Structure formats: structure tokens, C-alpha cells
Amino acid sequence: MIIQPESDKTNLLVINNLPDALVVTDIDGCVSLLNPAAETLLKRNTHESRGITAGTAIFPIDQSASFLTDNTIREVLEKKKPIKLFSPLVLTKVNSQICLIIENVTPLLDENNSLCGSLVVINEQKNRTHQLAVDLSDATKRTDDIQRIGHIGWWDLNVSSGQTFWSDEV
């Protein structure tokens, strides 16, 4: 059996199996559908989210992030043009490790080119700042070990204060 690309069944399969979280809004910017990835990521289901603004559904605690999200969706709905965000629109902590990033907002148009709503794509990423700090700490420890083992030292001069810093090996 071949499923036609335009069939509702195929569309639902695609939406439900995408790894990215998708939030579908109506023409007022209110949630009409969350795919399973969005429900898992946002820890809420479509039923309890339906009718509230997408910004509030995505960022229930962070009012500034919610406001930015709703304004972006409103702009997409007014202009009927997608916004591809080359730098994340919103980066907010869900806990100490996970951040939500809105990648793009696209208007949903029907076969007559009439506006039906918008599609918001959300990704989760580990907190980059936290990971960079851990990586830097690990690299510093390795460098210190290598210098100690190889009897290699270093010094640094703060030009503005004239203060010098010397490693233990020097």
C-alpha cells in the first residue's frame, strides 16, 4: 500500500515522528497542537495547552521569553513569511542543564494561500556555557599535569598593574 504524500495520515505520521518539538498555533498565536516531542520537552500535553499563547505554553515561568516568542509569532502571522532564526530567539534554562531554543517560526498556509496559523520549531540543547566551563576546567588540569611532569613552567605579566604570575615549576 502506498500512502499519498498529501494524506492526513501521512502528515500525522511525519509530525508525530519528528525528533524536533513542534508547536502548531492558530491564527491568534494560541496553541492548537503539540507533537509528542513537544509534549515530552515541555512536560505538558496538547489538551492542557490548547487556547493559551505559544509563548506561555513554551515558557510558562519566563515572562520576557514568553513575550518575545509571542511577538515573533505575531510578526510571522502578520507578514505571512517565515522567520529563520540564525541566532536563537530564546535561550532559557529549564533546569541547570537543558536550554530551549526556538529555531524558526513559519506561517501555515492552506491550499488557497490563506493563513491557518504558525509552526514553531523548538530544540533542546545542553547548556553551552556550563559545558564550556567543564571543558576549560578539564583542559587546565591536564595542562597543569603536563607542565608538572615535564618540568615546564610559565609566567604571565599583567601590563596594566605590573604584577607577574609564575607557575610552581618556574
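The values are calculated or read from the model by the stated rules, or taken from the named source; none is laboratory data. Computed from a prediction, not measured in an experiment: that's the story for all the values here. Note that each Cβ is placed from the backbone with ideal geometry, even for glycine, and that neighbours are counted across all protein chains shown. Heavy atoms of the whole protein, side chains included, go into the accessibility calculation; ligands, DNA and RNA do not. Shrake-Rupley method; radii C 1.70, N 1.55, O 1.52, S 1.80 Å.
Here is how the numbers come out for the structure above:
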| quantity | calculated |
| --- | --- |
| Which listed residue, of Ile122, Ile152, is closer than 21 Å to Val31 by Cα, at pLDDT below 85 and not polar (S, T, N, Q) | Ile122 |
| Top-ranked residue of segment 67-84 - restricted to ones that are without any contact (Cβ under 8 Å) to a residue 40 or more places away in the chain and open to solvent by 90 Å² or more (accessible area, probe 1.4 Å), ranked as nearest to Cys116 (Cα to Cα) | Lys80 |
| Members of segment 11-59 that are touching a residue at least 40 places away in the same chain (Cβ under 8 Å) and open to solvent by less than 20 Å² (accessible area, probe 1.4 Å) | Ala21, Leu22, Val23, Thr25, Gly29, Ala38, Ala54, Ile58, Phe59 |
